[in-house]
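*Asks:* The structure under discussion is supplied below as structure tokens; questions concerning it will follow.
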Amino acid sequence: MTVAAESSTIRSRRRPRTVRRALRGSVPYLLILPVIVVITAILGYPLYKLVTLSFQQYGLPELILRQGVWIGFDNYSSVLQDEVFWRTLLRTMIFTVANVGLTIVLGTSIAFLLVRVSTWVRVLLTAGLVLVWSMPAVVAVQVWYWMTNFQNGILNHVLTELGVGDYTQHDWYASTFSKLAMVTLLIVWGAIPFVTITVYAGLAQVPRELVQAAEIDGAGPLRVFRDVTFPILKPIFLILTSLSIIWDFGVFTQPYLLIGASHVDTTNYLMGVYVFIEGYAHSDFGRGAAISLLMLLMVAAMSVVYVRRMVKMGETR
Amino acid sequence: MSTASESAPRPPAPAPVARRAALVRRERRRRARRLAWNVVGLVVFATLVFPVFWMISTALKPDTEINSLAPTWLSTDTTFQHFRDAIARPYFWDTVKNSLIVVGAVVALSMVVAFLAAVALAKYRFTGNKLFVVLVIGILMLPQAGLVIPLYVVLARYGLTNELMGLVLTHMVILLPFAVWTLRGFILGIPRELEEAAMVDGSSRLGAFVRILLPLVAPGLVATSVFVFITSWNEYIFANVILTDQSNHTLTVWLSYFYGTSRNVDWGGLMAASTLTAIPVVIFFLLVQRKIAFGLTAGAVKA
């Protein structure tokens, strides 16, 4: 009696245990399931749609009928033969290099400045950086628009007062170069805080003794930077640079709003604006999809460095 | 004779006065240098902060001072009229309400979903782990302008354009990966021993989780929610594309249409509206900046 009862309890216990073990193995999958479901539904499906759209004639009539017309590679050949595409790509690359370069150089310089100033200046400067960082892009655009306004913008006034030249009624939005320079100024201003604060945090990791030892050996500040500080900060610079490249290459809000929806055209397109106007604003979704896909592939290629780095760091933790 | 006598007399001690003078000189030079750096620091500070200052200062100035050719740096004739005008503009309160609804839904939905995934990434080793991380970070990097067309077409197909729900879903695409990645960092920051100790004391894994992990990770949850809030509040391109009716716009889009195409821009009103849009963001950002800043560079910087 007792033996039978015991064995039955053992048996009944054993089954749930294997079930439980199987369940425990599936816990992580159950936990990531919701994210997977949401992302597949609202990103995976659209991305699939993007690929099919890029092979279709898909304008407003097709959007209403919900049925595109298959046209093979016509969208791609139309885009790749379009001079506007290549010019835009080149312009965006130059723009990206200028923006990233300025952001990293200025951001890093301010980080080094932070190390050299007194505590109260450091606190003040850090607070200022965080304030700038927190400004929403659309708000910053409006402020820029006001400051660079040709009639009574403060920029013209200050430049004239400082004796840089006569900038009274100077229109900063007259030429393509000048327009994109204003956009650059706006983007760099907004991006500096992230770089500065990250580099400054990185500088705290540089061992003091190492710098002092190098200084005793007679190394000047530039030499110390090149041979001591920079190698230690290298992973940070790598990440900051790749992130900045990815962001600036695809930037949309600042150029679109600062140049103005009615003034963006083929002479001043950046990739983000180009894909938006050609695809969405002109309601040529098929061709827009082809451009989007080309752009996404380019950014994906640029992201490889960053993503690999992040995955590796995720493992070592 | 004795070695002691050779080594004992120190090199003829420099007159202490001269030594001190050298020290003082060096100290003075150090101070001068620091002073110079401080001046540079203050100039940089003033330049960086100027646009923000100019926005607020313009918003508080009477029109005569704004439109005069000689700028008034700080008005003595402060007025809140521009703020009253901005608020009285059509659709201000509608768009505030829309923004709050969208942001609220995005925060609530994405935080629950993201937290579960973050626990999986931080606490379990499973096959496909790496692939999932690549997916999460990869999506974070996608340029939003490139996603407008597919998302718009799909949302249009299901009748979700011009619906706040459509925008909520879109924002979740952008923000879920971000939230998963940041929360994972916060959970990893909690020592495993704490949880193990609770389990040794007889709690189940879930019990240990609820009683030990959850309270410790709460600040991280708050910080991530706030950041999701800010990003969703600031987002422009999707809000502009998906919500077509003016009464359906979010506050950010409302602001972008503020000056419209009219030639005489109401600068005071525009700056007041800008200030109003920025205020909630700035306040929240100041609260969480420290906690969040290092998510994107995790590992490269020890925060």
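*Asks:* Please work out which one of (1) within 16 Å of the chain's Cα centre (by Cα); (2) free of Cβ contacts under 8 Å to residues at least 24 places away in the same chain is the condition A:Ala174 fails and give its number.
*Replies:* (1)
*Asks:* Residue check: is B:Leu175 more than 7 Å from chain A (Cβ to nearest Cβ), surrounded by 24 or more Cβ atoms within 10 Å (Cβ to Cβ) and under 19 Å from A:Val299 (Cα atoms)?
*Replies:* yes
*Asks:* OK, next. Return yes or no: is A:Leu270 surrounded by 21 or more Cβ atoms within 10 Å (Cβ to Cβ) and more than 10 Å from every other protein chain (Cβ to nearest Cβ)?
*Replies:* Details: surrounded by 21 or more Cβ atoms within 10 Å (Cβ to Cβ): yes; more than 10 Å from every other protein chain (Cβ to nearest Cβ): no.
Taking the combined requirement at face value, the residue does not satisfy it.
*Asks:* Identify, please: which residue in the stretch A:166-224 is β-branched (Val, Ile, Thr) and in a loop (DSSP other than H, G, I, E, B) and is, among those, surrounded by the most Cβ atoms within 10 Å (Cβ to Cβ)?
*Replies:* Looking at residues that are β-branched (Val, Ile, Thr) and in a loop (DSSP other than H, G, I, E, B), I get A:Val206.
*Asks:* Moving to a separate point now. Count, please, the residues in the stretch B:208-220 that happen to be out of contact with any Asp or Glu (no Cβ under 8 Å at 6 or more places or on another chain) and surrounded by fewer than 19 Cβ atoms within 10 Å (Cβ to Cβ).
*Replies:* 7
*Asks:* Let me ask something else. Can you work out which of the residues in the stretch B:260-303 that are surrounded by fewer than 20 Cβ atoms within 10 Å (Cβ to Cβ) and over 20 Å from B:Ala223 (Cα atoms) is modelled with the highest pLDDT?
*Replies:* B:Leu276
*Asks:* Now a separate question. Name the residues in the stretch B:141-172 that are without any contact (Cβ under 8 Å) to a residue 12 or more places away in the chain, facing chain A (nearest Cβ under 7 Å) and over 24 Å from the mean Cα position of the chain (by Cα), would you?
*Replies:* B:Ile149, B:Pro150, B:Val153, B:Val154, B:Ala156, B:Arg157 - these are the residues of the stretch B:141-172 that are without any contact (Cβ under 8 Å) to a residue 12 or more places away in the chain, facing chain A (nearest Cβ under 7 Å) and over 24 Å from the mean Cα position of the chain (by Cα).
*Asks:* Restricted to the stretch A:273-288, and to residues that are within 17 Å of A:Phe252 (Cβ to Cβ) and touching a Phe, Trp or Tyr at 6+ places or on another chain (Cβ under 8 Å), which residue is surrounded by the most Cβ atoms within 10 Å (Cβ to Cβ)?
*Replies:* A:Gly288
*Asks:* Go through the stretch A:150-208 residue by residue and tally those that are closer than 20 Å to A:Thr241 by Cβ and not aliphatic (A, V, I, L, M).
*Replies:* Of the residues in that region, 10 qualify.
*Asks:* Okay, next question. Go through the stretch A:279-305 and report how many residues are touching a residue at least 24 places away in the same chain (Cβ under 8 Å), assigned to a helix (DSSP H, G or I) and more than 7 Å from chain B (Cβ to nearest Cβ).
*Replies:* The total comes to 9.
*Asks:* Identify all residues within the stretch B:107-140 that are more than 12 Å from every other protein chain (Cβ to nearest Cβ) and surrounded by 20 or more Cβ atoms within 10 Å (Cβ to Cβ); write none if there are none.
*Replies:* If the condition is that a residue be more than 12 Å from every other protein chain (Cβ to nearest Cβ) and surrounded by 20 or more Cβ atoms within 10 Å (Cβ to Cβ), then B:Val107 is the only one that fits.
*Asks:* Could you list all residues from the stretch B:72-84 that are outside any helix (DSSP H, G or I) and over 29 Å from the mean Cα position of the chain (by Cα)?
*Replies:* Across the stretch B:72-84, the qualifying residues are B:Thr72, B:Ser75, B:Thr76, B:Asp77, B:Thr78, B:Thr79.
*Asks:* Do you know which of the residues in the stretch A:116-128 that are facing another protein chain (nearest Cβ under 7 Å) and part of a helix (DSSP H, G or I) is surrounded by the most Cβ atoms within 10 Å (Cβ to Cβ)?
*Replies:* Initially, the stretch A:116-128 is screened for residues facing another protein chain (nearest Cβ under 7 Å), giving A:116-118, A:121, A:124-125, A:128.
Now drop any that are not part of a helix (DSSP H, G or I), which leaves A:116, A:121, A:124-125, A:128.
Details: A:Arg116: 15, A:Val121: 21, A:Leu124: 17, A:Leu125: 23, A:Gly128: 21.
Restricting to residues being facing another protein chain (nearest Cβ under 7 Å) and part of a helix (DSSP H, G or I), the top hit is A:Leu125.
*Asks:* Would you confirm whether or not the stretch A:74-96 contains a residue that is surrounded by 12 or more Cβ atoms within 10 Å (Cβ to Cβ), of a type in the set (Lys, Arg) and either away from every other protein chain (no Cβ under 14 Å) or touching a Pro at 6+ places or on another chain (Cβ under 8 Å) (or both)?
*Replies:* Among the residues of the stretch A:74-96, at least one is surrounded by 12 or more Cβ atoms within 10 Å (Cβ to Cβ), of a type in the set (Lys, Arg) and either away from every other protein chain (no Cβ under 14 Å) or touching a Pro at 6+ places or on another chain (Cβ under 8 Å) (or both), which makes the answer yes.
*Asks:* Turning to a different aspect of this structure: Looking at A:Phe285, is it more than 22 Å from A:Val105 (Cα to Cα) and either modelled with pLDDT of 85 or more or not assigned by TED's automatic domain parsing to the domain that holds A:Met182 (or both)?
*Replies:* In short, yes.
*Asks:* I'm told B:Val96 meets every condition in (1) surrounded by 14 or more Cβ atoms within 10 Å (Cβ to Cβ); (2) β-branched (Val, Ile, Thr); (3) modelled with pLDDT under 90 except one. Can you identify the failing condition by its number?
*Replies:* (3)
*Asks:* Can I ask one more? Tell me yes or no: at least one residue of the stretch B:197-208 is without any contact (Cβ under 8 Å) to a residue 24 or more places away in the chain, within 12 Å of chain A (Cβ to nearest Cβ) and of a type outside the set (Lys, Arg).
*Replies:* Yes: one or more hits.
*Asks:* Inspect all residues belonging to the stretch A:139-157 and state whether any of them is without any contact (Cβ under 8 Å) to a residue 40 or more places away in the chain, in a helix (DSSP H, G or I) and among the small types (Gly, Ala, Ser).
*Replies:* No - not one qualifying residue is present in the stretch A:139-157.
*Asks:* Separate question: Right, A:Phe112: under 30 Å from A:Phe55 (Cα atoms) and of a type in the set (Phe, Trp, Tyr) or not?
*Replies:* Taking the combined requirement at face value, the residue does not satisfy it.
*Asks:* Restricting to the stretch B:60-71, and then to whatever is assigned to a helix (DSSP H, G or I) and facing chain A (nearest Cβ under 10 Å), can you tell me which residue is nearest to the chain's Cα centre (by Cα)?
*Replies:* B:Ile66
The values are calculated or read from the model by the stated rules, or taken from the named source; none is laboratory data. The structure displayed is predicted, hence computed values, not measured ones. Ideal geometry is used to build each Cβ from the backbone, glycine not excepted, and the neighbour counts take in all protein chains shown.
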